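The values are calculated or read from the model by the stated rules, or taken from the named source; none is laboratory data. Small disclaimer: the values here were computed from a predicted structure and weren't measured. Positions of Cβ are generated from backbone atoms using ideal geometry, with glycine treated the same way; all protein chains shown enter the neighbour counts.
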Amino acid sequence: MERQPSRSSRRKSPSRHPVRRLVLRLLVAVLAVTAFVALGIAIAVATASSSLPTYTEMMKSPQGQSVVIRAADGEELVTIGPSYGRWIPYAEIPAVMVEAMKAVEDRRYDWHPGVDPIGLARAAYVNWRQGSKVQGGSTITQQLARNIFLTSSKNYSRKVREVILAMAIERRFTKQQIMELYLNRVYFGGGAYGIDAASRRFYGHPATQLTLEQAAIIAGLVKAPSRYSPTADPERARGRAKIVIHTMADSGAITPSAATAADVDGVRFVVDHERTGSVRYFTDWIMGQLDTLTDEVEEPLEVVTSLMPEQQAAAEAAVHTQEIGGTQAAIIAMRTDGAVTALVGGRNYATSIYNRATTARRQSGSSFKLFPYLVALEEGMKPDDMVVDEPIRVGNWSPRNANGRFVGPVTLREAFARSINTVAVRLGVRYGTDAVSRMARRMGITTPVDTGAAMVLGTSDTTLIEMTAAYAAIANNGREVRPWGIQSITTASGRMVYNRERETPRVLVAPFVAAYMTDLLRAAVETGTGRAAQIGRPLAGKTGTTSSGKDGLFIGFTPELVSGVWMGRDDAKPVRGLAGGQAPARIFQAFMSKAVAGTEASDLSDDVEVPDFGIEPDDQVYGITADGVVDDGMIPTAPAASASDAAVEPEPLSDAWLDHVTRNTSENPANIP
């Protein structure tokens with residue numbers, strides 16, 4: 001009898017099940033695609049490897065591009081070019097330098113094939129969690145490929161080429177050769193390429209003599225050469241080095257006891273006496289703009305700038321006329337077409353290349369009051385309109401004046417000239433801090449602007465160059481002023497690659513609004529907090545002082561020139577006696593009196609021609625109820641702690657002036673003593 005198949009044997013085999021067949025087909029397709037991609041990568045890597053230069057060719061340091069920067073009159077300011085030290089063979093490179101670089105840049109360097117899958121996965125996960133790119137996954141080999149063969153553009157095609165080249169380099173050269181190439185070619189800031197150039201620049205000796213602490217500092221520079229450069233910020237460089245040493249101990253490169261014994265704070269840096277001129281603040285600013293104006297990266301360049309040597313010398317001298325409390329000082333001067341004619345970013349470039357005129361973000365103090373007053377003038381108020389200096393409460397915050405007094409009714413002109421806080425806050429309440437923020441944006445402020453009630457007193461961080469440009473727009477009859485420093489760029493062969501064209505500036509505020517604002521700024525110099533800035537000719541300007549004297553500013557202009565001065569400590573510690581109307585105003589006076597000497601004095605543009613249609617003030621006072629009581633629910637609040645920490649304190653009002661105003665509130669402010 002024929003044996004019948006069992007019931008279980010009659011069931012369909014798994015391979016015949018529709019779902020399983022689909023899964024199997026997908027798996028086969030994925031494997032096929034993976035194999036195809038792997039084959040493509042292998043072919044690409046093999047092709048790239050065969051086309052790579054020889055090791056000897058890759059050892060050759062590039063000549064680099066030299067740049068001659070000239071002043072507006074043709075005087076050579078500085079010649080800038082890359083610095084390459086002696087090529088250090090791998091056998092002569094201190095082991096601590098190699099281990100420091102591995103620990104901080106590529107912990108799995110010794111075993112990956114040029115690309116680190118673990119590092120890439122970790123970076124992708126961290127970036128996904130943060131919602132932005134905060135961590136990179138590039139290996140040392142990828143960085144070498146990028147530095148030698150690719151541009152700095154950020155796109156997927158460049159990343160793919162970088163990966164292919166990195167794997168090709170690993171296939172062609174040994175790990176020691178790759179590390180030798182990397183350490184002799186990578187950029188460490190300050191114009192130094194390679195560890196020998198960096199060692200000589202920062203420590204005054206060759207890289208063969210690097211200690212653990214010195215190597216850790218150099219390794220820490222790769223992430224951000226300008227941010228962690230010892231010449232820019234020694235303490236930040238040391239702090240970064242401590243992280244590198246901790247990472248070395250964590251990876252097993254050094255023992256915990258060696259990490260504990262490391263004395264990073266004891267490392268001393270040499271002063272490059274060739275870089276002491278303060279004009280380097282200006283030329284560094286110029287160098288940062290070259291990439292946006294020309295794509296010429298090989299032929300030497302000659303750059304003609306807007307700098308005026310006489311004004312630059314006056315600015316460099318002026319910052320040293322007032323040295324108090326360990327402060328730094330910065331000056332920037334520009335014409336109303338935006339041409340920067342002088343720039344000093346600190347007292348001594350040799351000890352700190354940090355540019356406080358263009359980069360530092362600090363509270364602007366009462367100089368920020370330019371913006372709420374501009375809003376008020378645009379809304380229809382006039383310099384002679386009366387306002388009241390009296391207590392005001394905004395939420396749980398009650399702004400105060402520097403001397404704790406209130407003078408009652410004053411004109412808008414007097415309130416601005418005397419930098420009365422309560423009036424500025426009242427204007428912010430009336431017209432809205434959003435309107436003030438928009439005005440600051442319109443006038444060129446790009447840093448974040450707070451919209452809390454205290455913002456009208458200058459609690460937001462700004463840069464000196466942007467604040468000075470905003471004041472320059474007032475001097476320019478309300479037209480936009482964009483700071484610039486490069487007039488032309490020419491190659492060594494005489495080919496013009498850039499020539500600045502005259503711009504047609506936008507109108508930011510109506511001419512009559514700018515004229516009214518000039519009236520207020522003039523009063524601040526003639527009768528208010530800025531009297532120390534007077535230079536014997538028509539002048540407009542405004543002081544700024546932040547809480548506890550952390551920052552002091554004076555920004556002002558004549559019809560010919562606009563300049564801004566900042567003083568303060570880099571660590572933002574209070575400075576006893578620092579106020580915008582004192583040392584900063586005196587620096588401004590010392591600079592401007594020389595900068596405009598020899599030019600014919602002309603009057604300020606404060607004659608007002610109001611359009612026929614006129615502009616009526618808005619009577620709606622936001623946040624004030626019918627009975628004059630502030631409605632806490634309708635006004636942005638400023639927490640008491642924040643107000644006490646950051647609220648701006650204007651320069652103290654003299655008792656004589658307060659008594660005078662109390663008795664004569666209706667008198668012309670020009671008669672105020």
Inside the stretch 365-386, the number of residues satisfying the requirement of being surrounded by 22 or more Cβ atoms within 10 Å (Cβ to Cβ) and not in a loop (DSSP other than H, G, I, E, B) is 13
Flagged pairs (Cβ under 6 angstrom, 6 or more apart or on separate chains; first in the stretch 137-152, within 17 Å of A224 (Cα to Cα); second outside any helix (DSSP H, G or I) and modelled with pLDDT under 85) are T139/D116
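Residue-wise test of (1) crowded, with 19+ Cβ neighbours inside 10 Å; (2) modelled with pLDDT under 95; (3) assigned to a helix (DSSP H, G or I).
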position: M287; (1), (2), (3): no, yes, yes
position: D291; (1), (2), (3): no, yes, yes
position: E296; (1), (2), (3): no, yes, no
position: V304; (1), (2), (3): yes, no, no
position: L307; (1), (2), (3): yes, no, no
position: A314; (1), (2), (3): yes, no, yes
position: G326; (1), (2), (3): no, yes, no
position: I331; (1), (2), (3): yes, no, no
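Tally time: how many residues in the stretch 164-201 are assigned to a helix (DSSP H, G or I) and within 30 Å of the chain's Cα centre (by Cα)?
Count: 11.
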Going through the stretch 210-239 in order, the residues found to be in a helix (DSSP H, G or I), more than 11 Å from V264 (Cα to Cα) and in contact (Cβ under 8 Å) with a residue 40 or more places away in the chain are I218, A219
The residue from G581, G544 that alone is in a strand (DSSP E or B), of a type outside the set (D, E, K, R) and either on the phi < 0 side of the Ramachandran plot or in contact with a strand residue (DSSP E or B) (Cβ under 8 Å, 6 or more places away or on another chain) (or both) is G544
For the stretch 469-506, the count of residues that are assigned to a strand (DSSP E or B), surrounded by 19 or more Cβ atoms within 10 Å (Cβ to Cβ) and under 21 Å from the mean Cα position of the chain (by Cα) equals 1
Residue within the stretch 524-540 that is surrounded by 20 or more Cβ atoms within 10 Å (Cβ to Cβ) and in a strand (DSSP E or B) present | yes
Within the stretch 396-419, restricting to residues that are within 22 Å of G580 (Cβ to Cβ) and of a type in the set (G, A, S), the one that is surrounded by the fewest Cβ atoms within 10 Å (Cβ to Cβ) is G404
Taking first residues from the stretch 375-387 that are within 17 Å of V456 (Cβ to Cβ) and second residues anywhere that are in a loop (DSSP other than H, G, I, E, B) and not polar (S, T, N, Q), the pairs with Cβ under 7 Å that are 6 or more apart or on different chains are E378/V509; E379/P617; E379/D618; M381/P617
The lone condition A72 fails out of (1) modelled with pLDDT of 90 or more; (2) under 25 Å from L183 (Cα atoms); (3) not in a helix (DSSP H, G or I) is (2)
Conditions (1) modelled with pLDDT of 85 or more; (2) assigned to a helix (DSSP H, G or I) -> A123 fails only (1)
Reported set for the stretch 187-218 where residues are closer than 23 Å to F149 by Cβ and out of contact with any strand residue (DSSP E or B) (no Cβ under 7 Å at 6 or more places or on another chain) is F188, G189, I195, D196
Residue set V297, V244; condition more than 16 Å from I217 (Cβ to Cβ), in contact (Cβ under 8 Å) with a residue 12 or more places away in the chain and among the β-branched types (V, I, T); output residue V297
Result of the Cβ filter at 7 Å on the stretch 538-555, keeping first residues that are closer than 25 Å to T599 by Cα and partners that are surrounded by fewer than 24 Cβ atoms within 10 Å (Cβ to Cβ) and of a type in the set (A, V, I, L, M, F, W, C), at least 6 apart or interchain, is P538/A601; P538/L604; A540/L604
Among the residues of the stretch 499-516, is any of a type in the set (D, E) and within 30 Å of R576 (Cβ to Cβ)? no
Of the candidates A440, A454, A435, the one satisfying the condition of being surrounded by fewer than 24 Cβ atoms within 10 Å (Cβ to Cβ) and of a type outside the set (K, R) is A435
Of those in the stretch 76-90 that are assigned to a loop (DSSP other than H, G, I, E, B) and modelled with pLDDT of 90 or more, the residue surrounded by the most Cβ atoms within 10 Å (Cβ to Cβ) is I88
Item to check | Flag for L221 being at pLDDT 95 or above and more than 30 Å from Q487 (Cβ to Cβ) | outcome: no
Here the residues within the stretch 506-526 that are under 23 Å from F591 (Cα atoms) and either among the small types (G, A, S) or modelled with pLDDT under 95 (or both) are A523, A524
Open item on the list: Among the residues of the stretch 231-242, are any over 25 Å from the mean Cα position of the chain (by Cα), among the polar types (S, T, N, Q) and at pLDDT below 95?
Closed with: no
